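Below you'll find the structure, written out as structure tokens, and then a few comments.
The values are calculated or read from the model by the stated rules, or taken from the named source; none is laboratory data. Since we're looking at a predicted model, the values are computed, not measured. Quick reminder, even Gly has a Cβ in these numbers, built from the backbone with ideal geometry, and neighbours come from all protein chains shown.
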Amino acid sequence: GAQAASQGPVIGFKPVPISANDTVVVPEGYSVQVMIPQGTPLSGQPAGKTPAEMTAAEQGMAIGAHHDGMHFFPIEGRHPEQGSSTDGLLVLNHEYIEPRTMHARAKGMSIGSGRMPVTDDRREAEEVQKEINAHGVSIVRVARQADGKWAVVADPRSRRITAATPTEIAGPVRGHALVRTKYSPDGTRVRGTLNNCAHGYTPWNTYLTCEENWAGYFRNLDQQDQKPNLPREQARYGVPTGQGRYNWDQAANGADEFIRFNVSSTGADATQDYRNEVNAFGWIVEIDPFNPGAMPAKRTALGRFAHEGIVFAPAREGQPVVAYSGDDSRFEYIYKFVSARPFNRATANGALLDEGTLYAAKFNADGSGEWLPLVHGQGPLTAANGFADQGEVLVNTRLAADAVGATKMDRPEWGAVDPRDGRVYFTLTNNTRRTEAQVDPANPRARNQFGQIIRWREANDDHAATRFAWDLFLIAGPEDSSRIAGNASVNADNMLACPDGLWFDADSRLWIQTDIGESEQLKGDLAPFGNNQMLCANPITGEMRRFLTGPNGQEITGVVTTPDRRTMFVNVQHPGATTSPADWAAGKPNTSFPNGSGVPLSATLVITKNDGGIIGT
Ligand code: FEO
Ligand code: CA
Ligand code: CA
Ligand code: CA
């Protein structure tokens with residue numbers, strides 16, 4: 001049961017210690033099952049093959065790589081907080097890939113090998129297609145079995161969205177000159193979604209997948225022998241001028257669906273090449289998990305940036321729909337979207353996200369804040385300043401936010417809205433490049449290695465308001481330089497670094513997940529924090545306890561419970577990123593190796609309380 005609102009939710013488990021061990025640890029009285037590792041067929045049939053043994057086509061019908069944001073949709077398709085707690089569609093993102101787990105000839109590659117070798121400027125097309133098919137989103141039906149374990153169950157709604165799936169461009173950028181390509185001369189479609197990091201779910205029960213570090217998948221060779229001078233819609237987002245992240249554009253068969261990742265221009269006509277392909281990435285993509293015939297739709301009114309995730313304020317009948325999204329890059333911004341049309345539960349759908357106002361946040365030193373509109377024709381966002389229309393404002397969202405003077409943050413990651421009091425929380429994971437001269441009250445530390453959690457309350461508790469009041473809920477890090485709001489303190493049972501995933505359960509427990517980068521884990525100033533972990537916090541008192549620690553090399557990202565809050569799903573992404581094939585042969589990591597392959601794979605943890613109780617109590 002819940003305590004009085006003034007004290008916040010019950011947190012009843014005994015905290016687990018910091019861990020450097022290659023395993024998952026949960027509190028006494030809890031159990032963990034490992035489910036749906038990469039390569040699990042959506043059919044419910046046994047895999048029979050490891051991902052390295054699969055064909056590209058088989059990977060395209062199986063769980064993808066690098067599990068991230070995730071939501072559980074009860075099978076009846078009603079409101080996410082009602083309905084079955086034993087049977088549903090689990091929808092999860094696949095952020096990127098690790099070649100060592102995907103290709104037989106790559107298994108011996110060294111730690112940190114991010115891409116397969118290129119031979120004579122070519123990559124093997126089947127390997128490229130397999131990597132494309134391991135990206136995107138999985139929609140998979142899962143159900144609790146008689147023995148209490150969860151398993152994949154066959155369902156016609158189970159499907160994969162990949163980096164090649166035909167997708168609509170919706171909202172103000174649909175048809176704009178900046179998204180016209182050889183594939184879609186009228187600028188209405190694009191193939192696929194990339195680098196799907198965190199997620200969101202709408203008040204009308206659809207899933208949103210968010211495109212984060214998409215820029216690196218492309219490359220522009222126009223200026224290769226000169227000082228790079230890319231178009232602003234590429235330059236402001238960091239499109240490479242040398243190699244792309246995986247060199248997909250160099251697939252040996254030269255097919256159009258691979259060449260599109262080279263966004264060089266070939267002449268006057270943009271519909272004869274793929275210079276605009278990259279402008280169709282950086283968006284939030286809506287997927288209807290219950291309608292397998294529905295094409296995903298990029299909702300361009302929500303802006304183009306390195307979207308981490310998106311979180312909605314509770315929808316109120318007759319009021320606008322409001323959602324928050326962070327741009328996870330150093331010195332980037334937090335944004336809010338307010339729909340033009342009001343929410344009506346009976347008729348609400350994704351079109352609500354196609355008309356509205358996008359704002360960027362300004363955090364003032366006195367604890368007040370302002371939402372600055374990114375609207376063509378308002379303030380500096382005029383044709384005279386280079387923004388010819390709202391499409392140009394949205395394709396260049398970062399430049400628009402620069403122009404209005406939003407506050408440059410320490411890498412905004414996930415957001416969460418407290419269901420009890422409506423306060424909005426955002427993780428700011430770290431920013432080691434902030435100098436003393438760039439410190440401000442919302443981003444208070446230079447060379448910020450440990451991150452913080454900011455929160456705010458909208459004026460009059462109206463999420464559509466243009467003013468708010470903010471404070472810092474947590475300054476993360478070692479005991480001597482960290483602080484929690486309320487009367488709690490940082491200690492061995494709750495210290496953390498690099499907060500990333502963030503989610504409120506229905507009782508207002510705040511779940512915090514960490515992502516210490518794999519090159520920094522168990523090293524230097526980050527060593528005392530051990531492997532990445534998940535904690536549970538009381539937003540009122542600041543009480544916080546460590547709930548879970550993960551294996552070596554991974555990050556913990558993605559969390560949701562069933563409606564009854566008695567089963568929790570948590571993702572383990574890139575386990576083994578810091579371990580070698582010799583470590584794997586020795587049994588590391590010991591949490592997520594399906595099929596006896598011995599190769600560490602991202603997977604989903606199913607966590608239950610042995611007494612059947614609510615998770616966290
Ligand atoms: Fe993919 Fe910002 O985490
Ligand atoms: Ca993240
Ligand atoms: Ca992160
Ligand atoms: Ca990640």
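The numbered conditions (1) part of a loop (DSSP other than H, G, I, E, B); (2) touching a Pro at 6+ places or on another chain (Cβ under 9 Å); (3) within 16 Å of ligand 3 (Cβ to nearest atom) are all true for N213 except (2).
Has the stretch 534-552 got at least one residue that is more than 22 Å from R144 (Cα to Cα), outside any strand (DSSP E or B) and without any contact (Cβ under 8 Å) to a residue 60 or more places away in the chain? So far as the stretch 534-552 goes, no, none of its residues is more than 22 Å from R144 (Cα to Cα), outside any strand (DSSP E or B) and without any contact (Cβ under 8 Å) to a residue 60 or more places away in the chain. The test for being at pLDDT 95 or above, charged (D, E, K, R) and within 14 Å of ligand 3 (Cβ to nearest atom) does not hold for E543. With respect to (1) loosely packed, with under 14 Cβ neighbours inside 10 Å; (2) within 16 Å of ligand 3 (Cβ to nearest atom); (3) of a type in the set (V, I, T), the lone exception for T435 is condition (2).
If you go through the stretch 486-503 and keep only what is closer than 17 Å to S6 by Cα and under 26 Å from the mean Cα position of the chain (by Cα), you end up with nothing.
Of all the criteria given as (1) touching a helix residue (DSSP H, G or I) at 6+ places or on another chain (Cβ under 8 Å); (2) more than 30 Å from V572 (Cβ to Cβ); (3) assigned to a loop (DSSP other than H, G, I, E, B); (4) not charged (D, E, K, R), the one not satisfied by L230 is (1).
The residue that is farthest from I512 (Cα to Cα), counting only those in the stretch 401-427 that are within 16 Å of ligand 4 (Cβ to nearest atom) and of a type outside the set (K, R), is P412. On inspection, V128 passes the criterion of being crowded, with 22+ Cβ neighbours inside 10 Å and among the β-branched types (V, I, T).
Among the numbered conditions (1) more than 13 Å from V278 (Cβ to Cβ); (2) of a type in the set (A, V, I, L, M, F, W, C); (3) within 16 Å of ligand 2 (Cβ to nearest atom), the only one that L194 does not meet is (1).
If you go through the stretch 530-579 and pick out every residue that is more than 14 Å from ligand 4 (Cβ to nearest atom), of a type in the set (A, V, I, L, M) and farther than 29 Å from E76 by Cβ, you end up with 5.
Rundown of residues vs (1) exposed (fewer than 14 other Cβ atoms within 10 Å of the Cβ); (2) under 26 Å from the mean Cα position of the chain (by Cα); (3) modelled with pLDDT of 95 or more, yes/no style:
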| residue | (1), (2), (3) |
| --- | --- |
| K14 | yes, no, yes |
| T23 | no, yes, no |
| A52 | no, yes, no |
| A56 | no, yes, yes |
| G60 | no, yes, yes |
| I63 | no, yes, yes |
| G69 | no, yes, yes |
| F73 | no, yes, yes |
| G77 | no, yes, no |
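Scanning the stretch 57-115 for residues that are part of a helix (DSSP H, G or I) and within 16 Å of ligand 1 (Cβ to nearest atom) yields a count of 0.
Residue by residue, here is whether (1) modelled with pLDDT of 95 or more; (2) under 29 Å from T347 (Cβ atoms); (3) under 27 Å from the mean Cα position of the chain (by Cα) holds:
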| residue | (1), (2), (3) |
| --- | --- |
| P185 | yes, no, no |
| P203 | yes, yes, yes |
| L208 | yes, yes, yes |
| Y217 | yes, no, yes |
| L221 | no, no, no |
| D225 | no, no, no |
| Y237 | yes, no, yes |
| R245 | yes, no, yes |
| D249 | yes, no, yes |
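The residues in the stretch 292-322 that are within 15 Å of the chain's Cα centre (by Cα), surrounded by 24 or more Cβ atoms within 10 Å (Cβ to Cβ) and small (G, A, S) can be counted, and the count is 1.
The residue list I516, I512 contains one member that is surrounded by 20 or more Cβ atoms within 10 Å (Cβ to Cβ), within 16 Å of ligand 2 (Cβ to nearest atom) and free of Cβ contacts under 8 Å to residues at least 60 places away in the same chain, which is I516.
Only a single item in (1) without any contact (Cβ under 8 Å) to a residue 12 or more places away in the chain; (2) outside any loop (DSSP other than H, G, I, E, B) is not met by K298, and it is number (1). Is it the case that the stretch 138-153 has a residue that's among the acidic types (D, E), at pLDDT 95 or above and surrounded by fewer than 17 Cβ atoms within 10 Å (Cβ to Cβ)? Scanning the stretch 138-153, I find at least one residue that is among the acidic types (D, E), at pLDDT 95 or above and surrounded by fewer than 17 Cβ atoms within 10 Å (Cβ to Cβ), so the answer is yes. Looking only at the stretch 334-393, residues that are among the aliphatic types (A, V, I, L, M), in a loop (DSSP other than H, G, I, E, B) and crowded, with 18+ Cβ neighbours inside 10 Å come to 3 in all. If the condition is being under 16 Å from A164 (Cβ atoms) and among the acidic types (D, E), then the stretch 43-66 contributes only E58. Residue-level analysis places D421 among those that are part of a loop (DSSP other than H, G, I, E, B), touching a strand residue (DSSP E or B) at 6+ places or on another chain (Cβ under 9 Å) and of a type in the set (D, E). R245 meets the conditions (1) within 16 Å of ligand 1 (Cβ to nearest atom); (2) under 18 Å from V395 (Cα atoms) in every case but one. The failed one is (2).
Checked against the criterion of being within 16 Å of ligand 2 (Cβ to nearest atom) and in contact with a Pro (Cβ under 9 Å, 6 or more places away or on another chain), the candidates V24, V34, V137 yield just one match: V137. Of everything in the stretch 191-210 that is assigned to a strand (DSSP E or B) and surrounded by fewer than 24 Cβ atoms within 10 Å (Cβ to Cβ), the residue that is farthest from ligand 4 (Cβ to nearest atom) is R191.
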